[in-house]
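**Student:** Can you keep this structure in mind? I'll have questions shortly.
The values are calculated or read from the model by the stated rules, or taken from the named source; none is laboratory data. Computed from a predicted model, the values in this text were never measured in an experiment. Here the Cβ positions follow ideal geometry from the backbone for every residue, glycine too, while neighbour counts run over all protein chains shown.
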Amino acid sequence: MELKLRHNIPIEEFDYVMLKSALKNYKNPRVKINDLLKRNEIVRVKKGLYVFGSNSTPSLYTKETIANLIYGPSYISIEYALSFYGIIPERTETITNVTNKRNKMFKTPIGRFTYKYINPKLYPFGITQIEIDDFHRVLIATKEKAITDLLHFSKSMKETKELELFIFDDMRFDENQLKRLNKTRLKQLSRLYSGNAALFYLLWEKIHE
């Protein structure tokens with residue numbers, strides 16, 4: 001059954017329509033789906049979205065791809081993106097995302113995914129697509145956008161000293177990584193977001209001297 005199902009579903013992350021189509025020869029596909037779930041051959045991430053389970057080897061889905069699929073439009077950003085890029089040292093288990101829809105949080109069998117609302121006017125800038133592996137490409141913030149998003153969702157800071165304490169003491173930013181940021185992107189984002197982002201750009205210029 002596993003090999004036949006994988007032949008009919010050539011990707012690791014699939015929806016209910018694709019799953020039902022793969023099981024069309026069964027008299028009652030819904031009963032078969034429940035059986036596959038019980039045997040952990042497939043896992044329901046949320047209603048209508050599935051991945052192959054631990055009893056269906058190899059399981060090659062990626063959480064980053066799932067993050068893009070669970071709720072959209074959205075892109076990976078804030079703490080998870082900063083950890084991914086090596087800007088902060090801590091590994092972040094929750095995949096943090098930004099969306100131009102309302103705030104959402106999903107606790108799923110494969111992990112936790114959070115989505116924070118941002119004004120649609122700010123949403124489209126600084127998003128890139130990267131290859132996670134040979135089969136998966138995901139939408140994620142650039143380094144500059146991930147930092148700007150973090151600052152956007154943080155408390156308002158008035159002085160560069162306060163901001164400096166936040167990014168180096170609280171978040172433990174890697175200063176060498178900061179020096180590699182793209183100035184043009186950072187400047188554009190600081191103007192769009194203003195507030196903490198504009199303050200960060202002033203601090204970054206000082207660090208970059």
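**Student:** Can you pull out the residues in segment 1-28 that are crowded, with 16+ Cβ neighbours inside 10 Å and more than 21 Å from ILE66 (Cα to Cα)?
**Tutor:** LEU23
**Student:** Let me ask something else about it. Return yes or no: is ILE70 in contact with an Asp or Glu (Cβ under 9 Å, 6 or more places away or on another chain) and not aromatic (Phe, Trp, Tyr)? Before the answer, list the steps.
**Tutor:** Details: in contact with an Asp or Glu (Cβ under 9 Å, 6 or more places away or on another chain): no; not aromatic (Phe, Trp, Tyr): yes.
Here the answer is no, as ILE70 does not meet what is asked.
**Student:** So how many residues does segment 101-115 have that are over 11 Å from the mean Cα position of the chain (by Cα) and either among the charged types (D, E, K, R) or outside the structural domain of ILE70 (by TED's automatic domain parsing) (or both)? Quick ask: steps written out before the conclusion?
**Tutor:** Of all residues in segment 101-115, those over 11 Å from the mean Cα position of the chain (by Cα) come to 101-111.
Now restrict to residues that are either among the charged types (D, E, K, R) or outside the structural domain of ILE70 (by TED's automatic domain parsing) (or both): 101-102, 104, 107.
Matching residues across segment 101-115 total 4.
**Student:** Taking TYR123, is it within 18 Å of LEU192 (Cβ to Cβ) and surrounded by 20 or more Cβ atoms within 10 Å (Cβ to Cβ)? Before the answer, list the steps.
**Tutor:** Numbers: within 18 Å of LEU192 (Cβ to Cβ): yes; surrounded by 20 or more Cβ atoms within 10 Å (Cβ to Cβ): no.
Considered against the rule, which asks whether it is within 18 Å of LEU192 (Cβ to Cβ) and surrounded by 20 or more Cβ atoms within 10 Å (Cβ to Cβ), TYR123 comes out as no.
**Student:** Can you pull out every residue in segment 185-209 that is in a helix (DSSP H, G or I) and of a type in the set (D, E, K, R)?
**Tutor:** First, the residues of segment 185-209 that are in a helix (DSSP H, G or I): 185-193, 196-208.
Once the filter is applied, which keeps residues that are in a helix (DSSP H, G or I) and of a type in the set (D, E, K, R), segment 185-209 yields ARG185, LYS187, ARG191, GLU205, LYS206.
**Student:** With more than 23 Å from the chain's Cα centre (by Cα) and not assigned by TED's automatic domain parsing to the domain that holds LYS104 as the only criterion, which of VAL43, VAL31 stands out? Working first, answer last.
**Tutor:** Details: VAL43 fails: more than 23 Å from the chain's Cα centre (by Cα).
The match here is VAL31.
**Student:** Considering segment 52-100 alone, what residues qualify as being modelled with pLDDT of 95 or more, among the aliphatic types (A, V, I, L, M) and more than 12 Å from the chain's Cα centre (by Cα)?
**Tutor:** ILE87, ILE88
**Student:** In the same structural domain as GLY72 (by TED's automatic domain parsing) and within 30 Å of LEU60 (Cα to Cα): does that describe GLY195?
**Tutor:** Details: in the same structural domain as GLY72 (by TED's automatic domain parsing): yes; within 30 Å of LEU60 (Cα to Cα): no.
Answer is no for this residue.
**Student:** Please work out which residue is surrounded by the fewest Cβ atoms within 10 Å (Cβ to Cβ), limiting yourself to segment 156-179 and to residues that are within 22 Å of the chain's Cα centre (by Cα) and assigned to a loop (DSSP other than H, G, I, E, B).
**Tutor:** For segment 156-179, the residue satisfying everything is ARG172.
**Student:** Only one residue in THR148, THR142, THR128 is within 22 Å of GLU90 (Cα to Cα) and either under 15 Å from the mean Cα position of the chain (by Cα) or not assigned by TED's automatic domain parsing to the domain that holds SER83 (or both), so which one is that? So that I can check it myself, show each step before the final result.
**Tutor:** Working: THR148 fails: either under 15 Å from the mean Cα position of the chain (by Cα) or not assigned by TED's automatic domain parsing to the domain that holds SER83 (or both); THR128 fails: within 22 Å of GLU90 (Cα to Cα).
Just a single option satisfies the conditions, and that option is THR142.
**Student:** In this structure, does LEU69 turn out to be under 17 Å from LYS4 (Cα atoms) and in contact with a strand residue (DSSP E or B) (Cβ under 8 Å, 6 or more places away or on another chain)? Walk me through how you get there before you give the answer.
**Tutor:** Working: under 17 Å from LYS4 (Cα atoms): no; in contact with a strand residue (DSSP E or B) (Cβ under 8 Å, 6 or more places away or on another chain): yes.
So LEU69 fails the test.
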